[in-house]
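Below: the structure, in structure tokens.
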Amino acid sequence: MTESSVRLYQYGYNETKTYLLAVAFVIGNVALPQLFHTIPQGGMIWLPIYFFTLIGAFKYGWRVGLLTAIASPIVNHQLFGMPMAAALPAILTKS
């Protein structure tokens, strides 16, 4: 039987990797839901909104997760108008 291990990382705000990973996960958080919306009823059934936020926070630490959680709804609102501006504060709090 072979053993496998998961490598978890913790990056600080003073490291470039933190921001590069956060940007990559924000792109994923914006692109994946748009992809699911091309499938009939796909957005309502799967709703992959926080997928990359969770992956980023688990694998690369809470700082990457926090940056991704805050930036994703804002970028999505700027590009597509969703979530609506009135719902944005509640969604940012929930993320």
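Hey, can you list the DSSP H helices of the chain whose Cα span along the axis is 20 Å or longer and whose average Kyte-Doolittle score is at least 1.0? The answer, listed by residue number, is 16-36. Going from the residue with the fewest nearby Cβ atoms within 10 Å to the one with the most, ARG7, ARG63 rank ARG7, ARG63. Of all the options THR53, THR16, THR68, the one that moves most in a Gaussian network model of the chain with Cα springs shorter than 10 angstrom is THR16. Listed from fewest to most Cβ neighbours within 10 Å, the set LYS59, LYS17 follows the order LYS17, LYS59. Remark on the chain: Rg and Dmax equal 14.8, 54 Å (Cα only). With contacts taken as Cα pairs under 8 Å and at least 6 residues apart, the chain reaches a relative contact order of 29 percent. Counting only the backbone N, which residues of region 1-38 are under 13 Å from the spot 7 Å out from the Cα of VAL75 toward its beta-carbon? Once the point is set 7 Å along Cα→Cβ of VAL75, 19-34 turn out to lie under 13 Å by backbone N, inside region 1-38.
Read the figures in this text as sums done on the coordinates, not as results from a lab. Computed from a prediction, not measured in an experiment: that's the story for all the values here. FYI the Cβ positions are ideal-geometry reconstructions off the backbone, even for glycines, and counts take in every protein chain you see.
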